[in-house]
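Read-outs: derived from the displayed coordinates by stated rules, not from any lab. All values derive from a computational prediction rather than experimental measurement. All Cβ positions, even for glycine, are placed from backbone atoms using ideal geometry, and neighbour counts span all protein chains on display.
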Amino acid sequence: MLKPSPPLTINELMQRVEQIAGLTLGEIAAEFNFKTPEHLLREKGWQGQLLEYVLGATAGSKPVPDFEHLGIELKTIPIGFNGKPLETTYVSVVPLTNLTGMTWQSSTVKKKLTHVLWLPILAEKTIQPIDRTIGSGFLWQPSLAQEHQLQRDWEEQMELIALGRINEISGHLGEVMQIRPKAANSKALTDVIGPNGTMTQTLPRGYYLKIPFTAQILADQFGL
DNA sequence: TTATGATCATGT
DNA sequence: ACATGATCATAA
């Protein structure tokens, strides 16, 4: 099977999503000659990269939506037998410098979460990666209340960074969206605003959606 | 180096 | 049991 071309419309994208619902990751990987690891100890992003390929996503590692033409971000989300997410959901890197004039409206988080294609994967850890089943993907846009929650968390944590207080930030902060390390290892460093407005260095961070937030999105969709 | 895709695994 | 902090592969 050839590499899928980018879907031209949302309808075309959603038709592809419906066609793969119920299949296992191993089945579609075989169909598209995509590699299949024994476990995810090393290739942690395998599931997401496989689905991007199969659905014809285009963005690569650029900071733009996966389906740029459609303005849609693809997020695979691992769920357990209970239907709840097994992991938090990475959104984007946290900007740590040149924050003046940055607002929620212009933030990468807001842009990425404007329109998301959620694709649940039954990924209980007892199931081998190739035997994990693709669920029913669906489009989501944040409700007014959800967007306000995200905006509050974003503004609270960005303010701390702007004040040079990034060392006070941990994964505990944020009602629905947290900041956690996002790096090759704990020794990686990047520039950040220091306590006196000077420049110093710190561990790169990312924004992640907390599990109860994504669990509610799934519950709203599937009526659980 | 920084972005993408995330899950691993230890501490609480 | 679970979330936080740590980590892995890859592309540009």
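What to note about this one:
- Residues that are more than 9 Å from DNA strand C (Cβ to nearest atom), without any contact (Cβ under 8 Å) to a residue 40 or more places away in the chain and part of a loop (DSSP other than H, G, I, E, B), drawn from the range A:29-41: A:F32, A:N33, A:F34
- As a summary of the residue check, A:E68 satisfies the conditions (1) free of Cβ contacts under 8 Å to residues at least 40 places away in the same chain; (2) acidic (D, E); (3) near DNA strand B (Cβ under 9 Å from one of its atoms) except for the one numbered (3).
- Every residue from the range A:161-179 that is among the polar types (S, T, N, Q) and surrounded by 13 or more Cβ atoms within 10 Å (Cβ to Cβ): A:Q178
- A:Q146 more than 30 Å from A:H172 (Cβ to Cβ) and either in contact with an Asp or Glu (Cβ under 9 Å, 6 or more places away or on another chain) or surrounded by 15 or more Cβ atoms within 10 Å (Cβ to Cβ) (or both): no
- Only one of A:K62, A:K75, A:K84, A:K44 that is closer than 30 Å to A:G171 by Cβ and more than 14 Å from DNA strand C (Cβ to nearest atom): A:K75
- Test: A:T24 is of a type in the set (S, T, Y) and within 16 Å of DNA strand C (Cβ to nearest atom): no
- Output for the range A:14-43, where each listed residue is within 14 Å of DNA strand B (Cβ to nearest atom) and exposed (fewer than 12 other Cβ atoms within 10 Å of the Cβ): A:K35, A:E38, A:H39, A:L41, A:R42
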